[in-house]
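For reference, the structure is listed below as structure tokens.
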Amino acid sequence: MNYLRFLFILFLSSLLYNGQAQTPNTFSLSQAIDYALLHNNTVVNAQIDEEIYRHKVQEYQGIGMPQINASSTLQDYLDVPVMLLPNFIEGPLYGILYQNGLISSMPQQSGSGRFPVKFLTKYNLTGSIDASQLIFDGQFFVGLQAQRAVLALSGKNVTRTRIEATVSVSKAYYGALLAKKQLELLQANTDRFKKLHDDTRVLYENGFVEKLDFDRVSVTYTNLLTEQEKVERLVNISLMALKFQMGMDVNSPIELTDTIRDDDFEQILQSGTINPQSRIEYQIVQTQVHLYQLDKKRNTFAYLPSLVAFGSYGYQATGDTFNFFKKPDYGFVNGSYQKIDRWYPTAMVGLKLSVPLFDGLQKHRRWQQASLNMQKSENDLMNLTNAIQLEANSSKIVLTNATANLKNQKRNMELAESVYNTSKIKYEQGIGSSLEMINAQTDLKTAQTNYLTALYDATVAKIDYQKSTGLIKP
């Protein structure tokens, strides 16, 4: 009994889980954009790059902080080095013996007048802590400004990526809405024509219409069903493209809550103004100009001296036996009994001033390169200004033409719908032909498709115009 109850609970749990797993995620356009800004792979990587540059700036800042290192060295002389010293013992010794009459004459000194000695011990062990602090280096401080400018540039790249993701998601979202709207209109036409097809079948079976009329209606109805299947697949592909732009699993179910509709495009044309400095692309190139200015300044500061403070503190132990870590010995030193040290402290501090004198004109050549790069970036900025103005004017013309075309296509659709309704009434009353009815249906479907295409084109043109004038913000 308990086993059957367990299976029943498990079955209910699986049903609930499957029902929850298949629940589609609903997104408005703004929600889809927000989701993409958090999950789109390009946006996420751009944000990671910004974080990487932030750590690089912190790494570079470490150059100006105290540098502290600990080190230890052990030396074991397998053969202790020998040094030759002047023979300062033999001469004075014989001189004293001669003066006291202990020898009759001064003997001639032997050899080269030098004798070998071994000053070093077999074992030498040292341990120290070294520290240094950069006090002044013009290149470092200018380089720190450049690193911060690079960090600002990476932030602008994130902004540009977010804007591009917003544009891509918006276009994909409206593309999916267009496909869904096409499917809805096609479904309505198919349902409407299905009634006509069924009515014509009844009339044909009762001998009120010819077989040719029924065949024409059947062919048109079959073509509508075939086209409906194509549009259904197009809707699925459009939704998958949207989910890809959002950074979402393309196999996850999704539902769109917004609708594609006529917008006040003329009002949008009035609200946009051409301001190149509001474009993130302009700000990026402007930052690049600033970076080359800093590079030129850095190479100028390379002619200035640099100053570094340093210090070291440690201990050194020497001996002919390796007994540095044993307990200290005691003995008579200078007539008194005391501890004999094995470790001796050593400490020093200092300043290092480096003054560049001549490097084969390398710094001057780097300064010239930075000047030329800055000139190139200034030319790029000027060219980008013209390109932005051209893009804004072109997108304004495209939006104006798309708005005019949308109005015309809307009137054509309304007219085609009126013609279709009239043809349908005439056909049902027996005063119109099936060919006239089919042509009216075809014209209506074409007009609806043209209207939706024009609506999508106008919506995309609006997005491009807003992007070109800097109105789209991430």
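What pairs can you find where one residue is in the stretch 177-197 and among the small types (Gly, Ala, Ser), the other is open to solvent by less than 50 Å² (accessible area, probe 1.4 Å) and in a helix (DSSP H, G or I), and their Cβ atoms are less than 9 Å apart, with a gap of 6+ or different chains?
Filtered contacts from the stretch 177-197: 179/231; 179/235; 179/238; 179/239.
So which of 287, 300, 318 is under 30 Å from residue 360 (Cα atoms) and of a type in the set (Ser, Thr, Tyr)? Show your work before the answer.
Details: 287 fails: under 30 Å from residue 360 (Cα atoms); 318 fails: under 30 Å from residue 360 (Cα atoms).
300 is the lone residue from the list that is under 30 Å from residue 360 (Cα atoms) and of a type in the set (Ser, Thr, Tyr).
When the residues of the stretch 457-474 are filtered to those that are open to solvent by 60 Å² or more (accessible area, probe 1.4 Å) and at pLDDT below 90, which remaining residue is nearest to the chain's Cα centre (by Cα)?
Residues of the stretch 457-474 open to solvent by 60 Å² or more (accessible area, probe 1.4 Å): 457, 471, 473-474.
Now narrow it down to the ones that are at pLDDT below 90: 471, 473-474.
Numbers: 471: 22, 473: 18, 474: 15 Å.
Of everything passing the filter in the stretch 457-474, 474 is nearest to the chain's Cα centre (by Cα).
Given the residues 93, 38, which is the only one that is at pLDDT below 85 and open to solvent by 70 Å² or more (accessible area, probe 1.4 Å)?
Numbers: 38 fails: at pLDDT below 85.
Criteria check complete, one pass: 93.
Results for (1) open to solvent by less than 50 Å² (accessible area, probe 1.4 Å); (2) more than 39 Å from the chain's Cα centre (by Cα); (3) at pLDDT below 90, shown as yes or no for each residue.
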{"position": "302", "(1), (2), (3)": "yes, no, yes"}
{"position": "314", "(1), (2), (3)": "yes, yes, no"}
{"position": "320", "(1), (2), (3)": "no, yes, yes"}
{"position": "323", "(1), (2), (3)": "yes, yes, yes"}
{"position": "352", "(1), (2), (3)": "no, yes, no"}
{"position": "365", "(1), (2), (3)": "no, no, no"}
{"position": "368", "(1), (2), (3)": "no, no, no"}
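All but one of (1) buried (at least 18 other Cβ atoms within 10 Å of the Cβ); (2) in a helix (DSSP H, G or I); (3) of a type outside the set (Gly, Ala, Ser) hold for residue 215, so report the exception by its number.
(1)
For the stretch 389-406, how many residues are among the hydrophobic types (A, V, I, L, M, F, W, C), open to solvent by 60 Å² or more (accessible area, probe 1.4 Å) and either in contact with a strand residue (DSSP E or B) (Cβ under 8 Å, 6 or more places away or on another chain) or closer than 12 Å to residue 462 by Cα (or both)? Before the answer, list the steps.
The first filter runs over the stretch 389-406 and keeps only residues among the hydrophobic types (A, V, I, L, M, F, W, C), leaving 390, 392, 397-399, 402, 404, 406.
Filter once more, keeping what is open to solvent by 60 Å² or more (accessible area, probe 1.4 Å): 390, 397-398.
Still in the list and also either in contact with a strand residue (DSSP E or B) (Cβ under 8 Å, 6 or more places away or on another chain) or closer than 12 Å to residue 462 by Cα (or both): 397-398.
Total meeting the criteria: 2.
Kindly list, by first and then second residue, each pair from a residue in the stretch 123-136 that is within 23 Å of residue 307 (Cα to Cα) to a residue that is basic (Lys, Arg), limited to pairs with Cβ atoms under 9 Å and residues at least 6 apart or on different chains.
Correct list of pairs: 132/352.
Which count do you get for residues in the stretch 240-297 that are in a loop (DSSP other than H, G, I, E, B), open to solvent by less than 50 Å² (accessible area, probe 1.4 Å) and of a type in the set (S, T, N, Q)?
Total meeting the criteria: 1.
What residue, among those in the stretch 423-450 that are under 49 Å from the mean Cα position of the chain (by Cα) and open to solvent by 30 Å² or more (accessible area, probe 1.4 Å), is modelled with the highest pLDDT?
Kept after step one, since they are under 49 Å from the mean Cα position of the chain (by Cα), are these residues of the stretch 423-450: 444-450.
Of the ones still in play, those that are also open to solvent by 30 Å² or more (accessible area, probe 1.4 Å) are 445-446, 449-450.
Numbers: 445: 85, 446: 88, 449: 88, 450: 91.
Among them, the one singled out is 450.
Just wondering, is there one or more residues in the stretch 407-414 that are surrounded by 15 or more Cβ atoms within 10 Å (Cβ to Cβ), in a helix (DSSP H, G or I) and in contact with an Asp or Glu (Cβ under 7 Å, 6 or more places away or on another chain)?
no
The values are calculated or read from the model by the stated rules, or taken from the named source; none is laboratory data. Everything numeric in this text was worked out from a predicted model, so none of it was measured. Cβ sites come from the backbone with ideal geometry, for glycine too, and all protein chains shown count toward neighbours. Just so you know, the surface numbers come from the protein's heavy atoms only, side chains and all, with ligands and any DNA or RNA stripped out. Shrake-Rupley method; radii C 1.70, N 1.55, O 1.52, S 1.80 Å.
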